[in-house]
Amino acid sequence: MSGPGAPAGPPRWQPGSGSSGKGAGEAGTDRRGAGGSSAAGSRGAAECHVAASPAPQPPRFLPLAEVPVPEEPRPAAAAPVGFLQELPSYQSALRRRAAAGGTQGRRVAAQGSAGLRAAEARGPEQDGGELAARPARERPLSIAEKRILRDCQQTDTKYLSAWKQWKRTSSKSLKKGLNEVKEFSSYLELWRHDIHSIEGKFGTGIQSYFSFLRFLVLLNFIIFILMFSFVTFPTIVSKYGIFNSSLATIPPKNIDPHCTVYKPGGNKGLVYFYIYLKDLLSGTGFLEVTSLFYGYYTIDEARFSILRYNLPLAYLLATFAYLALSLIWIIKRSVEGFKQNLVHDEDQFQSYCNKVFAGWDFCITDPNAARLKHRSLQYELQTDLEEERLKRKIADRTMKEKLRIYSLRIFINIIVIAVLSGCFYSIYRATVFSLENSIDISNMNSQANLLVQYLPSVVITLANFIAPQIFSFLIRFEDYSPAFEIRLTLMRCVFVRLANIGVLLFSLWSQISYCATDECKACGYNYELYPCWESEVGQEMYKLMIFDFIIILAVTLFVDFPRKLLVTHCSCKPVQWCGLQEFRISDNVLEIVYGQTICWIGTFFSPLLPAIATIKYFIIFYIKKISLIHTCKPAARPIRASSSNFFFLVVLLIGLLLAFIPLGISIAHIPSSKACGPFRSFNTSWAVVPDTVLGFPTGLQRVLHAIASEAFAVPFFMVVCLIMFYFIALAGAHKRVVEQLREQLVMESRDKMFLIRKIAEAQRRP
């Protein structure tokens, strides 16, 4: 097939042919015997499979299908069968074969090398030229082999059709363009230089916190764009008649007139500056009648020429959209961290190897950060050793010791529940007191009224500060491993922070839904005290966010900076014993997750709250950066950098899932205000969906009702379960394959040690 009559075809490059085997054009002649001057040329011709041809004719090339697969080099002398059967891997394979019946093992052993060579030979044809189209720089080859491959690919292009040439050229151009766009967009990334600088000085653990903060800034900015584009902008345009627009206000039907009375407490006449400041901090006064809160959006539809814009439906769909966007984005980012966390935590031996051989962070350039990284690695190794010691201790426990430790843990958990109950009751009483006394402001001055309005926020902040300190003290007596201590304490702190928001909302709803008269029951809520209860909830979320930002700023300015000055310029032993404030990543993450949960809940009641959250996190980034560099020191027991990103996103996902509960209750269960908002004509906010469906054509209504019926839901649920079980089984199969590969690596190392030992014994023999 290699003579002059062979069909001409493009040259093909076969991986690995440059390292072993013989070229097709050399007719079985060893390339090493060709001399030093022609070695490179013979090798290039062999690797491209260039066929020999007479001098006057142009060179002809063998098609890839007709290229003979080079034979594997034979060893000089075959090893004795008995010696090979002494290898640890062979003995382990025999044991597995005996346990499994031996059929599959023999089949794999018989088809191993032959199947691999056959797959290599037919791979390029079955992949449709993917092997040849793959760039040379993406292959694990040497520079010389990449050059040979590139020349072969360029020669191969000449023999392709015009369509395939255009397809390959356009694919390369598209990839090049995407890479250039990606490289250019990296320069536009927010805080790119600052985060790289923090990574270089303090390592990837602290850098992951600032990257997480940047993610929240972008997320809130996109949520703000979404709410402003579909809710705020159409309302403002229609109210002021911009772009030839108009609005339509439909009065509520079958509703008592006393339920529709709403008089916002706006400031009139001469107003002092401190009243504006009070309104700015509490969301009342002039802010209550702005587009910041729910009560501003009182139109039912906006008309732009011939287009009708259903604002109630848009308001509800925008709420679902930002919740779905947050959920999808968080899950997408957490998948990568989950894979890394799963690999790193799978095997303890692998964890030791990663710390010893790959634990150093080469991004660190600061000497202090390098010493910190040394201590961090030392702490992680000590933690692992302590966990192993505790595992042995747990295995050696007697029944008496088990009863003692379990009784102690039950008692401590009772104390934890009591602390949580005290926090929840305090928040409930503070909220009720604030709502009852902030209505009547005639008997108190402005400062006292502001304090009363901020009383729930103050109590929640105190609970968020005191409860974690108690949990950190009690966890020491429960005799858990160090890693589990950190996880359990963090989960308790997360529960405290997020549950406090739930208790606050429950307190608000208990006061809003309390009705003692028939007129109140006709409205469905306490219309006398809360004629627009959605704006009242939005004001509470607004105050929580503002107060949280004030606390973060005040702690940095009035606690961290003075502490830094005292430690630097005062040599007193108590001051030096206290030292600098540690930059605890977990506590800082809980702070911003707490604020983000407030933002998710409050956006329905205050559509512009994401804009405030964006500005808040933007300022917090620089506050935390200055605090880290100038006033704080990194924690001596940091969260492991390999799992920090995954942990942050898991905590954020918990906050998002908890935000679904109050929003779902507000939308589907609690009657909407009849005096304000886009849903005043509906019993609940969700009622706008079936009302909109009734306006669809009859056929579409039937389709939607069929989708919402049990006849569709049950089969759909079964199909989803089957798909889930399939992926679970697939994951289990992949896990077993990974375990087999790990066992194979262990067997390879044992085989090497066995062979080294045999060679040493052979050399010692006379």
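The values are calculated or read from the model by the stated rules, or taken from the named source; none is laboratory data. It should be emphasised that the depicted structure is a prediction, and the values quoted were computed from it without experimental measurement. Ideal geometry is used to build each Cβ from the backbone, glycine not excepted, and the neighbour counts take in all protein chains shown. Note: areas computed on protein heavy atoms with side chains; ligands, DNA, RNA excluded. Shrake-Rupley method; radii C 1.70, N 1.55, O 1.52, S 1.80 Å.
Observations on the structure shown:
- Accessible area expressed per residue, the range 675-766, with surrounding protein chains retained (probe 1.4 Å, Å²): 76 Å²
- Of LYS393/LYS625; LYS373/LYS624; LYS543/LYS624; LYS278/LYS624; LYS543/LYS674, pairs whose Cα-Cα distance is over 31 Å: LYS393/LYS625
- Just the protein heavy atoms count here, and of the accessible area of the range 500-617 at 1.4 Å, carbon and sulfur take up 66 percent.
- For the pair SER142 and ARG765, label points projected 7 Å from Cα toward Cβ lie 3.6 nm apart.
- With θ taken as phi - 60° and the Karplus curve 6.51 cos²θ - 1.76 cosθ + 1.60 applied, the whole-hertz 3J(HN,Hα) list for the range 696-711 is 7, x, 4, x, 5, 4, 5, 4, 5, 5, 5, 5, 7, 7, 5, 4 Hz, x standing for glycine and proline.
- Estimated FRET transfer efficiency (ILE615, PHE712; beta-carbon r; R0 51 Å; 0.05): 0.70
- Taken along the Cα-to-beta-carbon direction at a fixed 7 Å, the label points for HIS569 and GLN378 span 3.3 nm.
- Nearest-20 debye value, the range 513-623 charge dipole, Cβ charges on Lys, Arg, Asp, Glu: 720 debye
- Extension gain for the segment HIS630 to PHE357, taken as residue separation times 0.36 nm less the Cα-Cα distance, is 95.0 nm to one decimal.
- Between ARG476 and ARG702, the FRET efficiency estimated from the beta carbon spacing at R0 = 56 angstrom works out to 0.30.
- Net length gained if the chain between ILE242 and LEU403 were fully extended (0.36 nm per residue, minus Cα distance): 50.5 nm
- Rough spin-label spacing in nm, given labels placed 7 Å along Cα→Cβ, for GLU582 and GLN154: 6.0 nm
- Charge dipole (the range 393-518, unit charges on Cβ, about Cα centre) - positive-most of ASN437, LEU474, SER407: SER407
- Taking amide H atoms as placed 1.01 Å from N in the peptide plane, the amide H of GLU301 lies under 5 Å from those of ALA248, LEU311, each 5 or more residues away in sequence or on another chain.
- Amide proton proximity set for LYS633, modelled H, under 5 Å, gap of 5+: GLN581, GLU582, PHE583
- Calculated from backbone phi, Karplus (6.51, -1.76, 1.60) coupling profile of the range 404-411 in Hz, x at Gly/Pro: 5, 5, 5, 5, 5, 5, 5, 5
- The length gained on full extension between GLU743 and ARG192, counted as 0.36 nm times the residue separation minus their Cα-Cα distance, comes to 194.2 nm.
- Across the range 457-573, C-alpha contacts under 8 Å between residues 6 or more apart give a mean separation that, scaled by the residue count, equals a relative contact order of 21 percent.
- Sequence-distant lysines (8 or more away, or on other chains) whose Cα lies within less than 27 Å of LYS164: LYS146, LYS172, LYS175, LYS176, LYS182
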